[in-house]
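Below you'll find the structure, written out as structure tokens, and then a few comments.
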Amino acid sequence: MTRAKKIRLAHIFSVLCAIIAILLLILLLYTPLFNPGRIYYNNHFLLNKDDNYQCSATNGMPIILNCENEFSFGHFSGMRTAYVFQASTGMQLSFSWDINVRSGNFKIVLIDLENSKIETVICDGTGSNSIDNYKLSAGEYRIRFVGDRANINGKFYISQDK
């Protein structure tokens with residue numbers, strides 16, 4: 001093999017290595033246009049009417065009023081509506097929960113769609129607690145489960161008082 005051919009092969013090999021390195025760099029640094037996990041960190045997304053989530057496994061949805069609702073999610077990212085209701089003036093809700101977040105981040109929020117605001121964060125992370133007689137104004141509300149790569153299991157109870 002002549003010296004010129006060896007140099008040409010070396011240049012071709014160098015160019016191929018550079019192209020492969022650039023492609024690998026693009027693949028490693030690429031972030032998708034929309035990642036459902038970022039919903040957890042941006043309250044503006046929670047006010048949308050539509051759900052947007054990904055999970056590998058789910059059990060126990062949706063939430064039923066006046067029942068102890070057990071649920072679990074695997075690799076849950078995004079938001080999922082658990083309960084939708086129309087509140088009348090003076091309506092009160094009571095919540096109780098026992099949540100175990102094995103990994104990732106998870107919270108349950110009450111959304112006031114009528115006024116486009118987060119009414120309250122019911123729970124954030126692992127724990128068990130309750131909120132009694134939470135007063136609402138008239139309007140449409142949603143209880144949403146929100147997560148970022150969350151592996152969770154838990155129990156959630158909601159009751160309604162007039």
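The values are calculated or read from the model by the stated rules, or taken from the named source; none is laboratory data. Everything numeric in this text was worked out from a predicted model, so none of it was measured. A quick note on method: Cβ atoms are made from the backbone with ideal geometry, for glycine too, and the neighbour counts reach across all protein chains shown.
Overview of values
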{"item": "Those strands (runs of 3 or more DSSP E) lying entirely in the stretch 1-116 with at least 3 residues in contact with a Pro (Cβ under 7 Å, 6 or more places away or on another chain)", "result": "52-54, 68-87"}
{"item": "Unmet requirement for residue 156, which otherwise passes all of (1) touching a strand residue (DSSP E or B) at 6+ places or on another chain (Cβ under 7 Å); (2) of a type outside the set (Asp, Glu); (3) surrounded by fewer than 20 Cβ atoms within 10 Å (Cβ to Cβ)", "result": "(3)"}
{"item": "Looking only at the stretch 22-44, and only at residues there that are at pLDDT 75 or above, over 10 Å from the mean Cα position of the chain (by Cα) and surrounded by 10 or more Cβ atoms within 10 Å (Cβ to Cβ), the one that is farthest from residue 83 (Cα to Cα)", "result": "22"}
{"item": "Unique residue being in contact (Cβ under 8 Å) with a residue 60 or more places away in the chain, over 13 Å from residue 158 (Cα atoms), surrounded by fewer than 12 Cβ atoms within 10 Å (Cβ to Cβ) and not hydrophobic (A, V, I, L, M, F, W, C) when the list is 116, 56", "result": "116"}
{"item": "Residue in the stretch 128-145 that is at pLDDT 90 or above, among the β-branched types (Val, Ile, Thr) and either loosely packed, with under 13 Cβ neighbours inside 10 Å or touching a helix residue (DSSP H, G or I) at 6+ places or on another chain (Cβ under 6 Å) (or both) present", "result": "no"}
{"item": "Number of the exception - residue 69 against (1) at pLDDT 85 or above; (2) within 10 Å of the chain's Cα centre (by Cα)", "result": "(2)"}
{"item": "Answer residue from the stretch 62-106, given it is more than 15 Å from residue 51 (Cα to Cα) and of a type in the set (D, E, K, R) and is surrounded by the most Cβ atoms within 10 Å (Cβ to Cβ) among those", "result": "98"}
